[in-house]
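J.: Quick one: structure below, then a few questions.
The values are calculated or read from the model by the stated rules, or taken from the named source; none is laboratory data. A quick note: this is a predicted structure, and the numbers were derived from the prediction, not measured. As a convention, Cβ positions derive from the backbone with ideal geometry for all residues, glycine included, and neighbour counts pool all protein chains shown.
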Amino acid sequence: MAQAFTSASISSVNNDARVSTPSRQAFQILRLGFTVAPIVAGLDKFFHLLVNWDQYLPAVVNNAIGGHGHQFMLVVGVIEIVAGLGVAFKPRLFAYVVSAWLLLIVVNLLMIPGYFDVALRDFGLSLAALALARLSQEFDR
């Protein structure tokens, strides 16, 4: 009986230690960041409090969708909100979605002269989302 109690105690201590590891903390930080940032950016597509998001749509894309760039950016906002909520609830899947989405944004930004610095930043964010996806394999259970 004492052996069963000791094994349970050790298991409980190991689980508590796992919560406070640097990799667990990194997972939690990235999960929070990739939940909040896409939701805020997605909501701002509707309100333009942070920036006029329409400026990030290349003219060639706007022309390809018949000049409905603003409406397209509203759809983008909805997708970003869903992606952020997805990371909150299913990071094992949605962190990959966010990483791929950010790579699409990078390609989009490379079509606009003067936004290469933002493209580089978003490439770094894409790598961070990929790191979250990998950490999720261990910590999202």
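J.: What are the residues in region 40-60 that are of a type in the set (A, V, I, L, M, F, W, C), surrounded by 16 or more Cβ atoms within 10 Å (Cβ to Cβ) and assigned to a loop (DSSP other than H, G, I, E, B), if any?
T.: Of everything in region 40-60, just one residue is of a type in the set (A, V, I, L, M, F, W, C), surrounded by 16 or more Cβ atoms within 10 Å (Cβ to Cβ) and assigned to a loop (DSSP other than H, G, I, E, B), namely L57.
J.: Sticking with this one: Name the one entry in A37, A17 that is of a type in the set (G, A, S), at pLDDT 95 or above and either out of contact with any strand residue (DSSP E or B) (no Cβ under 6 Å at 6 or more places or on another chain) or not in a helix (DSSP H, G or I) (or both).
T.: A37
J.: Quick check: anything in region 92-102 exposed (fewer than 15 other Cβ atoms within 10 Å of the Cβ) and basic (K, R)?
T.: The answer is no; no qualifying residue exists.
J.: Continuing with this model, one more query. Are there any pairs, at least 6 apart or on different chains, whose C-beta atoms fall under 8 Å, with the first in region 105-118 and of a type outside the set (A, V, I, L, M, F, W, C) and the second in a helix (DSSP H, G or I) and surrounded by 15 or more Cβ atoms within 10 Å (Cβ to Cβ), and if so, which?
T.: Pairs that qualify, where the first residue is of a type outside the set (A, V, I, L, M, F, W, C) and the partner is in a helix (DSSP H, G or I) and surrounded by 15 or more Cβ atoms within 10 Å (Cβ to Cβ), are N108/Y56; Y115/Y56; Y115/L109.
J.: Give G69, G77, G86, G114 a once-over and let me know the one that is touching a Lys or Arg at 6+ places or on another chain (Cβ under 8 Å) and among the small types (G, A, S).
T.: G77
J.: Okay, moving on. Which residue pairs have Cβ atoms closer than 7 Å, lie 6 or more positions apart in sequence or on different chains, and pair a first residue in region 23-49 that is over 21 Å from Q71 (Cβ atoms) and touching a residue at least 60 places away in the same chain (Cβ under 8 Å) with a second residue that is charged (D, E, K, R) and assigned to a helix (DSSP H, G or I)?
T.: What qualifies is R24/R18.
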